[in-house]
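Peer 1: Here it is, the structure, as structure tokens.
The values are calculated or read from the model by the stated rules, or taken from the named source; none is laboratory data. Worth saying up front: this structure is predicted, and the values here are computed from it rather than measured. All Cβ positions, glycine included, derive from the backbone under ideal geometry; neighbour counts span all protein chains shown. Accessible surface is based on the protein model in full, side chains and every heavy atom, while ligands, DNA and RNA are left aside. Shrake-Rupley method; radii C 1.70, N 1.55, O 1.52, S 1.80 Å.
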Amino acid sequence: MSSSGGGAGRAGMAYGLAAFGLWGLLPLYWHELDSTPAAEVLAHRMVWSVPTAVALLLCVRSWSWIRPLLRQPRRLALLAVSASLITVNWWLFIWSVSVDRVLEASLGYFINPLISIAIGVVMLRERLRRAQWAAVGIGGLAVVVMTVAYGQVPWVALTLSVSFGAYGLVKKKTGLDGLEGFTADAALQFLPALAYLLVLAGRGESTFTSEGTGHALLLAAAGLATALPLIFFGAAAVRLPLSTLGLMQYIAPSTMFLLGVLVFHEEMPPERWAGFLLVWTALCVLSWDALRHARKRRRTVTRHDPAASPAAVPEGTAAAQD
């Protein structure tokens with residue numbers, strides 16, 4: 001394994017940790033905007049993402065990728081799909097915070113690693129070990145338990161997990177780095193979002209100017225709150241296999257879960273605990289298997305090349321291989 005591969009793996013892990021850590025804290029931000037309808041918050045999030053992206057591009061002087069991209073219809077089509085998927089995901093997440101369903105949203109992101117692994121197997125033909133298959137099965141059982149207990153499918157959790165898992169897959173196929181991918185998505189979202197905000201303003205229904213300066217600043221800063229974790233996620237997605245990215249994603253829902261219970265004081269009846277415990281069991285199996293396989297891989301590399309540094313072997317690569 002080359003040192004450049006090891007560097008890419010370590011960078012991908014760092015980007016992933018930053019992305020999911022920030023995402024875990026986002027309910028606190030959207031809760032401060034609960035006087036604004038979710039659709040309006042979403043539109044501001046899209047509109048203000050564009051100047052944020054442009055400012056970041058100016059800082060890093062990264063423009064050369066734009067012209068070649070415009071000459072590739074297939075990649076543009078993939079970007080349209082990714083922009084649509086993340087739009088659905090954003091709106092539902094903002095809405096779930098506004099109606100005190102943070103715990104159900106966190107469940108969706110707990111399930112998401114399992115969805116990402118399943119997508120990696122089906123779409124990218126990544127191979128799983130027996131423990132990983134067991135984890136996916138336990139996660140499926142958790143969904144069944146909650147469906148039976150509540151009398152309905154946990155649609156918020158499932159929609160969030162599937163839309164974000166599919167978004168990760170499409171991002172991987174576009175091949176754009178974090179900032180590039182975020183800018184492309186934002187450009188595609190900008191005009192529809194701006195048109196919606198202009199319609200709201202024309203009807204006198206906009207909260208941008210009616211809720212005070214602090215509220216307006218929070219709406220405007222939604223672009224930066226959106227940009228940072230998405231850029232980090234995009235950078236991680238092109239450096240790590242989906243199965244590894246899936247293992248990291250429970251950082252965000254763990255934080256959301258704690259916020260839902262300790263800050264927003266949402267209820268946790270026994271059936272909800274049962275579902276969460278099954279999902280956590282699945283994630284423990286995944287974590288144990290990933291650590292065990294990473295240690296085995298490091299020993300193998302060291303045995304064949306005693307001079308090789310264990311740090312030069314990106315653990316993420318092993319997650320998708322037998």
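Peer 1: Sort out which residues of segment 156-166 are buried (at least 24 other Cβ atoms within 10 Å of the Cβ) and either among the aliphatic types (A, V, I, L, M) or within 10 Å of Ile119 (Cβ to Cβ) (or both), and write them in order of number.
Peer 2: The answer is Ala157, Leu160, Gly165.
Peer 1: Can you tell me how many residues within segment 145-173 are β-branched (Val, Ile, Thr) and touching an Asp or Glu at 6+ places or on another chain (Cβ under 9 Å)?
Peer 2: Going through segment 145-173, the residues β-branched (Val, Ile, Thr) turn out to be 145, 147-148, 153, 156, 159, 162, 170.
Then keep just the ones that are touching an Asp or Glu at 6+ places or on another chain (Cβ under 9 Å); that gives 145, 148, 156.
Count: 3.
Peer 1: Within segment 99-111, can you find the residues that are among the charged types (D, E, K, R) and not in a helix (DSSP H, G or I)?
Peer 2: Within segment 99-111, the subset among the charged types (D, E, K, R) is 100-101, 104.
If the condition is that a residue be among the charged types (D, E, K, R) and not in a helix (DSSP H, G or I), then Asp100, Arg101 are the ones that fit.
Peer 1: When you look at Leu291, is it modelled with pLDDT of 75 or more and of a type outside the set (S, T, N, Q), yes or no? Step through it out loud before you land on a result.
Peer 2: On the way: modelled with pLDDT of 75 or more: no; of a type outside the set (S, T, N, Q): yes.
So Leu291 fails the test.
Peer 1: Run Thr209 past the list (1) in contact with a helix residue (DSSP H, G or I) (Cβ under 9 Å, 6 or more places away or on another chain); (2) touching a residue at least 24 places away in the same chain (Cβ under 8 Å) and report the number of the one that doesn't hold.
Peer 2: That leaves (2) as the condition not met.
Peer 1: Another question, then. Say whether the condition of being among the hydrophobic types (A, V, I, L, M, F, W, C) and open to solvent by less than 10 Å² (accessible area, probe 1.4 Å) is met by at least one residue in segment 186-197. Give the derivation first.
Peer 2: Within segment 186-197, the subset among the hydrophobic types (A, V, I, L, M, F, W, C) is 186-188, 190-191, 193-195, 197.
Filter once more, keeping what is open to solvent by less than 10 Å² (accessible area, probe 1.4 Å): 186, 193.
Yes.
Peer 1: Which of the residues spanning segment 131-153 are free of Cβ contacts under 8 Å to residues at least 60 places away in the same chain and crowded, with 19+ Cβ neighbours inside 10 Å?
Peer 2: Within segment 131-153, none qualify.
Peer 1: To continue, here is another question. Testing Ile251 on (1) over 18 Å from the mean Cα position of the chain (by Cα); (2) closer than 23 Å to Leu26 by Cα; (3) open to solvent by 40 Å² or more (accessible area, probe 1.4 Å); (4) in contact (Cβ under 8 Å) with a residue 40 or more places away in the chain, one condition comes back false. Which one is that?
Peer 2: With (1) over 18 Å from the mean Cα position of the chain (by Cα); (2) closer than 23 Å to Leu26 by Cα; (3) open to solvent by 40 Å² or more (accessible area, probe 1.4 Å); (4) in contact (Cβ under 8 Å) with a residue 40 or more places away in the chain applied to Ile251, the lone miss is (1).
Peer 1: For segment 156-184, which positions are assigned to a helix (DSSP H, G or I) and of a type in the set (D, E, K, R)? Spell out the reasoning first.
Peer 2: Of segment 156-184, the ones assigned to a helix (DSSP H, G or I) are 156-174, 178-184.
Lys171, Lys172, Lys173, Glu180, listed by residue number.
Peer 1: Pick out the one residue from Thr255, Thr244 that is at pLDDT 85 or above, under 21 Å from Leu160 (Cβ atoms) and polar (S, T, N, Q).
Peer 2: Answer to the selection: Thr255.
Let's see how each residue does on (1) over 19 Å from the mean Cα position of the chain (by Cα); (2) more than 15 Å from Ile111 (Cβ to Cβ); (3) of a type outside the set (Asp, Glu):
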{"position": "Val136", "(1), (2), (3)": "no, no, yes"}
{"position": "Gly140", "(1), (2), (3)": "yes, no, yes"}
{"position": "Val153", "(1), (2), (3)": "yes, no, yes"}
{"position": "Leu160", "(1), (2), (3)": "no, no, yes"}
{"position": "Lys171", "(1), (2), (3)": "no, yes, yes"}
{"position": "Gly178", "(1), (2), (3)": "no, yes, yes"}
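Peer 1: Moving on. Of the conditions (1) modelled with pLDDT of 80 or more; (2) open to solvent by 20 Å² or more (accessible area, probe 1.4 Å), Val238 clears all except one; give me its number.
Peer 2: Only one criterion is unmet by Val238, namely (1).
Peer 1: So, one more: Identify all residues within segment 22-42 that are assigned to a helix (DSSP H, G or I) and either at pLDDT below 90 or in contact with a Pro (Cβ under 8 Å, 6 or more places away or on another chain) (or both); write none if there are none. Reasoning before the result, please.
Peer 2: Step one: list which residues in segment 22-42 are assigned to a helix (DSSP H, G or I), which gives 22-31, 38-42.
Leu22, Trp23, Gly24, Leu26, listed by residue number.
Peer 1: Identify all residues within segment 112-155 that are outside any helix (DSSP H, G or I) and within 17 Å of Thr244 (Cβ to Cβ); write none if there are none. Give the steps one after another, and end with the answer.
Peer 2: Of segment 112-155, the ones outside any helix (DSSP H, G or I) are 125-129, 151-154.
If the condition is that a residue be outside any helix (DSSP H, G or I) and within 17 Å of Thr244 (Cβ to Cβ), then Arg125, Glu126, Arg127, Leu128, Arg129 are the ones that fit.
Peer 1: Quick one: would you say Glu266 is surrounded by 13 or more Cβ atoms within 10 Å (Cβ to Cβ), among the charged types (D, E, K, R), under 28 Å from Gln189 (Cα atoms) and at pLDDT 85 or above?
Peer 2: So Glu266 does not fit the description; no.
Peer 1: Quick check on my filter: what residues within segment 119-130 are in contact with a helix residue (DSSP H, G or I) (Cβ under 9 Å, 6 or more places away or on another chain) and either of a type in the set (Val, Ile, Thr) or open to solvent by 40 Å² or more (accessible area, probe 1.4 Å) (or both)?
Peer 2: Pass one, segment 119-130, residues in contact with a helix residue (DSSP H, G or I) (Cβ under 9 Å, 6 or more places away or on another chain): 119-121, 123-124, 126-130.
Within segment 119-130, Ile119, Val121, Met123, Leu124, Arg127, Arg130 qualify.
Peer 1: Applying the selection to segment 40-81, what residues are small (Gly, Ala, Ser), closer than 22 Å to Ala220 by Cβ and open to solvent by 40 Å² or more (accessible area, probe 1.4 Å)?
Peer 2: Ala55
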